[in-house]
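Undergrad: Dumping the structure here so I can ask a few things about it.
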Amino acid sequence: MTRLRPTTREDLPKIEEWIEEDPFHKDDSRCTPEGLLTGNGVLTFCVQDDQGPLCFVRLDDEEGILRLSTQFGPESEVSKQRLVVGLLTAGIPAIIEFGKSNHYGGIIFESVNESLIKFMEKQNFVLDKGDDYLLRFNLENSE
């Protein structure tokens, strides 16, 4: 079963390891293990299944849009199937519900990872500008 839980200091070694193994994040100074601890950003949490953590998520308010930052587990530890199930059953629905219930205009994320971009396009994210992909909410129909 997939669930969301707070990210704690005990998660720091795993987050640090995952960042180091991630070619998209390891040299990005914005990617810090401490930044993914619960208490940072608007909302920060871990998506976890019965086998363990799948990814760590941070949401930040960017002019009324939620900026989504995610550190995924390496494929050697978290299969794509586990990750997709976790994102579709718990992660993405929770982020969308949080965003709508808190009157954000949508969710935006930055990526150059083609696999991630294609997956998120299937979730209705569209290219906004540069490397940003946006899912805009229709708040009039979300109440």
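What follows draws every value from the coordinates through simple rules; no lab data is involved. Given the structure is predicted, the values throughout are model-derived calculations rather than measurements. Reconstructed Cβ throughout: ideal geometry from the backbone, glycine too, with neighbour counts over all protein chains shown.
Undergrad: For segment 3-141, what is the charge dipole size about the Cα centre, in debye to the nearest 20, if Lys and Arg each add +1 at the Cβ and Asp and Glu each add -1 at the Cβ?
TA: On the way: 15 positive and 26 negative charges, 103 e Å.
It works out to roughly 500 debye.
Undergrad: Under 16 Å between alpha carbons, and skipping anything fewer than 8 positions from Lys80 in its own chain: which lysines qualify?
TA: The qualifying lysines are Lys118, Lys122.
Undergrad: Oh, and also: Would you please put 88-94, 60-66 in order of how densely packed they are, using the mean number of other Cβ atoms within 10 angstrom per residue and starting with the highest?
TA: Numbers: 88-94: 17.0, 60-66: 15.1.
The most tightly packed comes first, giving 88-94, 60-66.
Undergrad: Here's a follow-up. Okay, helix-only estimate at 222 nm for the chain: each DSSP H run of n ≥ 4 adds -39500 (n - 2.57), divide by all residues, round to 500 deg cm²/dmol; what do you get? Can you show the working numbers first?
TA: Values: 4 runs with 35 residues, N = 143.
When only DSSP H runs of four or more count, the value is -7000 deg cm²/dmol.
Undergrad: If you don't mind, another one. For Rg/Rh (Cα atoms, Kirkwood Rh), several values are listed as (1) 0.94; (2) 1.11; (3) 1.05; flag the one computed from this structure.
TA: (1)
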